[in-house]
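*Asks:* Next up is a structure, given as C-alpha cells.
Every number in this text was worked out from the coordinates using simple rules, so none of it is lab data. Quick caveat: nothing in here was measured; it's all calculated off a predicted structure. As a convention, Cβ positions derive from the backbone with ideal geometry for all residues, glycine included, and neighbour counts pool all protein chains shown.
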Amino acid sequence: MQLRLAALVSTILLGLVPPSAADPVAELVRALPDDILQIGVVSGPADTPVRFVIVRGPVSDRLFIQVRDGGQLLQSVEVAEVGTTSRRLEDLRSEANAHGVVAFVDFQPSDETETAYELFIDLENLDKYVFQPVSN
C-alpha cells in the first residue's frame, strides 16, 4: 500500500501522467489507491512559484512543497515530518519573506500541546526547509 501511494504521489508531483492520455485528469483519478481520502492543492503567496500539495490518508496527512514555472514542475519535496505525526492538517497559509516563503501549518488538536508549526522554505533549495513549532 505504501509503495502504491508513493508511486501515485510521484506520478502527481512529477507530472508523469502520460501526455498522450486523452484526459490526464481522468487517468490520474483512475490510478488513485483506495487509501487516499483526499488530495488538495494550496497556492503559495502571490508572485511566488510555490504551491503546497496535501494528501490525506487513512491515518495521517502528507505535505509536499512544489515550485512551478510556466506550468512546469521545477522542484517537489515532501515535508517528511508531517507524515510521521499521525495528525491531521487543519490549516495552511503562507507569505513571502526576504529569504523565500514561510508557511504556517496548523494541526488538529490532540494530546500533544503544540498544534502550530512554521515551515521556512528556501526557494533555491527546497531540501533545506525548516519545520518547527511556532516560535515567538
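*Asks:* Being surrounded by fewer than 13 Cβ atoms within 10 Å (Cβ to Cβ) and closer than 18 Å to Asp47 by Cβ is the filter here; which residues of the range 94-136 pass it?
*Replies:* Residues satisfying the conditions are Glu95, Asn97, Ala98, His99, Glu124.
*Asks:* If Glu81 satisfies all but one of (1) over 30 Å from Leu32 (Cβ atoms); (2) assigned to a helix (DSSP H, G or I), what's the number of the condition it fails?
*Replies:* Result: Glu81 passes all but (1).
*Asks:* May I ask you to verify whether Arg87 is part of a loop (DSSP other than H, G, I, E, B), touching a Phe, Trp or Tyr at 6+ places or on another chain (Cβ under 8 Å) and closer than 16 Å to Phe131 by Cβ?
*Replies:* yes
*Asks:* Six or more apart or on different chains, Cβ under 7 Å: which pairs go from a residue in the range 92-103 that's more than 12 Å from Phe52 (Cβ to Cβ) to one that's part of a strand (DSSP E or B) and polar (S, T, N, Q)? Could you list them?
*Replies:* So the pair list comes out as Val102/Ser94.
*Asks:* Of all residues in the range 108-136, count the ones that are farther than 24 Å from Ser86 by Cβ and over 17 Å from the mean Cα position of the chain (by Cα).
*Replies:* Of the residues in that region, 2 qualify.
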